[in-house]
Structures are given as structure tokens and as C-alpha cells.
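The values are calculated or read from the model by the stated rules, or taken from the named source; none is laboratory data. The structure presented is a predicted model; accordingly, all values stated were derived computationally and were not measured. With ideal geometry, Cβ positions are generated from the backbone for all residues, glycine too; neighbour counts draw on all protein chains shown.
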Amino acid sequence: MAHSFPAPLVSLPLIPIFWLAVALVAVSQVMILRSTMRAIRAAASDRARRGIEWAYAIVPAVALVVVLAATWHATRDYAVRADLKARANQTSTP
Amino acid sequence: MSAPAAAVGREPSVARDLIALTKPRIISLLLLTTLAPMFVAGSPSWATILWTGIGGYLMAGGANAVNMYLDRDIDHMMARTKLRPIPSGRLSARAVLAFGIAIATAATWLLGHFVNVLTSALALGGFYFYVFVYTRWLKRTTPQNIVLGGAAGAFPPLVGWAAVTGQVDLASLYLFLIIFYWTPPHFWALALLKQHDYGRAGVPMAPNIWGERETIDQMLWYSVLLLALSVLPVTFGVFGLVYQASAIALGGVLLVGVWRVRTRAARGESWTAVAWSVYKFSLLYLALLFVAMAIDRHWRIG
């Protein structure tokens with residue numbers, strides 16, 4: 001990531017927060033897709049229209065997976081840096 | 001005197017109508033979501049803030065004016081839009097189109113000259129997305145119009161971020177995604193209330209095509225997704241506790257509001273007042289969340 005951010009003033013459980021948020025995002029996205037599929041089946045008259053509507057629903061979901069993968073890398077890097085900084089502070093404390 | 005002018009006790013004027021074309025009340029929120037990220041991205045100079053604000057206003061105003069030109073055939077059918085300058089006959093359609101293109105062109109030059117080329121390109125990208133992808137393509141063809149079209153309103157944070165850093169990165173992408181996933185619960189709350197208007201104009205909004213139950217269900221899941229997504233920038237150090245607490249509290253209130261709409265609808269009770277409060281709160285949600293971002297960044301550095 002090109003932009004650097006300051007270390008948090010209070011240490012947060014970053015990895016558990018990440019996975020909890022990802023789990024909520026995944027469940028929500030699945031429920032949205034299920035609901036959209038139901039709605040498309042009920043409303044779209046022809047097969048071509050259903051395909052288009054389905055594509056509209058899938059595109060944001062796929063993009064979200066890519067963003068979450070990039071977020072995992074950024075989170076892991078940041079957690080490692082935060083951990084190293086915390087250890088360095090402990091070592092330098094008399 | 002035209003109806004809107006009479007309502008506020010003012011004489012109609014071309015200047016007032018030109019300002020109305022830009023939709024200043026909507027732009028105020030867009031400007032907030034442009035300027036707040038600038039303080040998250042770094043320490044912008046007053047000149048950068050000023051030119052980004054002016055350029056952002058003109059670009060969004062130009063997009064709104066061109067949108068009114070393109071929707072001139074349906075605006076007279078909806079109570080919400082029938083008093084706009086074109087359907088009420090106060091301005092010609094050609095004049096509105098020329099005005100929209102002129103101020104968007106001015107914004108492109110201002111942002112490119114006084115800020116940077118990426119900022120100008122992103123703002124222009126938002127203009128094209130709103131005019132061509134949302135208004136021309138999606139709006140009248142799919143009930144998912146505002147899901148994908150939400151990307152148009154999500155460009156401002158990218159513009160603000162690029163104005164300060166000269167780049168777009170993962171952090172700025174999250175600000176984009178927050179607005180993208182905020183749009184469905186926000187706009188569908190309004191669409192639920194105005195579904196007869198949209199039906200009359202032939203705009204296939206989700207409540208008209210999918211029905212109220214499916215739309216409210218999706219509003220609920222989009223609110224959960226938004227809440228979770230808004231917390232994720234904390235995990236890679238963009239924000240700290242102030243923002244995290246704000247995101248959870250604001251997202252929680254939005255979620256409870258949508259849940260109340262769903263519960264009332266399921267029981268067969270009247271949900272219109274709750275839906276209206278969800279719509280109004282969603283505006284406050286976005287404003288407060290972006291203010292919290294700037295405060296959090298300042299607090300952590302200070």
C-alpha cells in the first residue's frame with residue numbers, strides 16, 4: 001500500500017476484527033445474491049434479461065472479493081508492523 | 001409566478017434556476033464526502049481545498065444539469081421532479097444541456113490546472129458514469145439501477161483523496177465502497193415511498209419490479225454489509241477507535257431503522273413514517289461518518 005498510516009494509540013485486535021467483518025460481508029453478500037436471484041426469477045420475462053440482471057448482481061460481488069483479498073494482505077502487513085513496534089517499545093522501556 | 005417560486009415567496013430568476021439545476025442540497029453532501037477524505041489523506045493546503053471544492057461543485061452540478069436534460073421526458077410525471085426548471089417551462093432543454101456541459105468543462109480544466117490531472121480525470125469519470133452509465137443506461141432498464149449507479153455518487157472521495165496524494169489506493173477505495181453500499185438502503189427507502197411516482201414515469205425501481213418485501217430484505221442485508229465494510233479500514237491502520245466507534249454506532253442505528261421497516265411491513269402495519277426516517281437518517285449517517293473520519297485522523301496524529 002502506497003500510503004502509510006500512524007500506529008494506533010490503543011492496540012486493537014486487528015485480525016479478529018478483519019475476519020468478523022469479512023464473515024458479515026460474506027453472509028450479507030450471499031443473502032443479497034439469493035434475494036436478487038429470487039426477484040429475477042419472479043420478474044424477468046426472458047432468459048437474456050435474466051442473464052443480464054444476474055451479471056449486474058455478480059459484478060459487485062466479484063469486485064468485493066478482490067478488494068477483501070487486497071485488504072487481507074494490507075491487514076497482515078499492518079498487524080506485523082504494529083506488533084514489531086510494540087515489541088520495540090517494550091525492549092526500550094527500562 | 002411559478003409554483004416553487006411562489007412557495008418560497010421569491011420572484012423566479014434565471015440565476016436561481018441555474019443554481020437549482022446543480023441540485024445544491026445534494027451537492028453539499030457530495031462536497032463533504034470530497035473534502036473530509038482530503039484531511040484523512042494528508043494535510044491539504046487551503047488552495048487545494050478551495051479548487052477541489054469549486055471543481056467538485058461544478059462537475060457534480062454539471063452532471064445534475066445534464067441529468068435533468070436527459071430526464072426531461074419523465075420529470076413532469078413525478079411530483080418530486082415536476083417543478084424543475086425544464087418541466088415547468090422556465091428554462092429551455094438546450095440551455096440546460098449547454099449549461100451542464102459548460103460548467104463540467106470548466107471543472108475539468110480547473111481541477112487539471114490547479115489541483116492535478118488524476119483529480120480532474122476522476123471527477124470527469126464520475127460525470128460520465130452518472131450521465132451515461134446511470135442516467136442513460138441503467139436507470140430505465142434494470143431494478144438494480146441504483147446498486148450499480150451508486151458508483152457515480154461514490155467518486156467524490158476518490159477525487160478528494162487524489163487531490164492530496166496524487167493517487168488512488170486501497171484506503172480511498174474503501175471510502176468509495178462505503179458510499180457504493182450506502183446507496184441501496186438510502187435510495188430504496190425513498191423509492192419505497194415514491195414507488196407510484198416511479199411507476200407512473202416507467203422507471204423500474206426495485207419496489208415496483210421486485211416488490212416491497214424483497215426490496216426491504218435487500219436494504220437490510222446492504223445495511224449489514226455496509227456496517228461490516230465500514231469497519232474494515234481500521235484493520236489496516238487507516239482509522240482508529242474514534243472512527244471505529246462512530247462506524248459501529250451509526251451503522252447500528254441505520255440497521256435498526258431498516259429492521260423496524262421490515263418488521264412493520266411483515267406485520268402488515270404502516271411503515272412509511274419509519275422508511276422516511278431511515279431515508280433522512282441515512283443522509284445524516286453518511287455526513288457524520290465522513291466527519292468522524294476526519295476527526296479520527298486528526299485525533300490520532302494530534
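Conditions tested, residue by residue: (1) more than 15 Å from residue B:59 (Cβ to Cβ); (2) of a type outside the set (Val, Ile, Thr); (3) in contact (Cβ under 8 Å) with a residue 40 or more places away in the chain.
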position: B:100; (1), (2), (3): no, yes, yes
position: B:107; (1), (2), (3): no, yes, yes
position: B:118; (1), (2), (3): no, yes, yes
position: B:129; (1), (2), (3): no, yes, no
position: B:132; (1), (2), (3): no, yes, no
position: B:142; (1), (2), (3): yes, no, yes
position: B:155; (1), (2), (3): no, yes, no
Within the range A:59-79, can one find any residue that is of a type outside the set (S, T, N, Q) and modelled with pLDDT under 90? yes
Candidates B:16, B:25, B:84, filtered to the one that is buried (at least 19 other Cβ atoms within 10 Å of the Cβ), out of contact with any Phe, Trp or Tyr (no Cβ under 9 Å at 6 or more places or on another chain) and among the charged types (D, E, K, R): B:84
Yes or no: the range B:6-27 includes at least one residue that is among the small types (Gly, Ala, Ser), under 21 Å from the mean Cα position of the chain (by Cα) and modelled with pLDDT under 95. yes
Would you mind finding the one in A:45, A:35 that is touching an Asp or Glu at 6+ places or on another chain (Cβ under 8 Å) and either charged (D, E, K, R) or free of Cβ contacts under 8 Å to residues at least 12 places away in the same chain (or both)? A:35
Quick one: what pairs do we get from the range B:233-252, first residue closer than 12 Å to residue B:40 by Cβ, second modelled with pLDDT of 95 or more and among the small types (Gly, Ala, Ser), C-beta under 6 Å, 6+ apart or different chains? B:238/B:171; B:243/B:292
Could you go through the range B:266-281 and let me know if any residue there is under 20 Å from residue B:174 (Cα atoms), buried (at least 17 other Cβ atoms within 10 Å of the Cβ) and not aromatic (Phe, Trp, Tyr). no
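Would it be correct to say that residue A:55 is more than 7 Å from chain B (Cβ to nearest Cβ) and surrounded by fewer than 13 Cβ atoms within 10 Å (Cβ to Cβ)? Before the answer, list the steps.
Working: more than 7 Å from chain B (Cβ to nearest Cβ): yes; surrounded by fewer than 13 Cβ atoms within 10 Å (Cβ to Cβ): yes.
When the stated conditions are applied, residue A:55 passes them.
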Identify, from the list B:228, B:247, the residue that is more than 7 Å from chain A (Cβ to nearest Cβ) and under 20 Å from residue A:67 (Cβ atoms). B:247
Test: residue in the range B:132-155 that is within 18 Å of residue B:65 (Cβ to Cβ) and within 11 Å of another protein chain (Cβ to nearest Cβ): yes
Of the conditions (1) over 20 Å from the mean Cα position of the chain (by Cα); (2) more than 10 Å from chain A (Cβ to nearest Cβ); (3) not in a helix (DSSP H, G or I), the single one that residue B:237 does not satisfy is (2)
Test result for residue A:80, more than 8 Å from chain B (Cβ to nearest Cβ) and either under 18 Å from residue A:24 (Cα atoms) or hydroxyl-bearing (Ser, Thr, Tyr) (or both): no
Selection from the range B:62-94 of residues part of a helix (DSSP H, G or I), closer than 13 Å to residue B:198 by Cβ and out of contact with any Ser or Thr (no Cβ under 7 Å at 6 or more places or on another chain) yields B:74
Restrict the check to the range B:263-273 and report whether at least one residue is in a helix (DSSP H, G or I), within 23 Å of the chain's Cα centre (by Cα), within 9 Å of another protein chain (Cβ to nearest Cβ) and over 29 Å from residue A:17 (Cα atoms). no
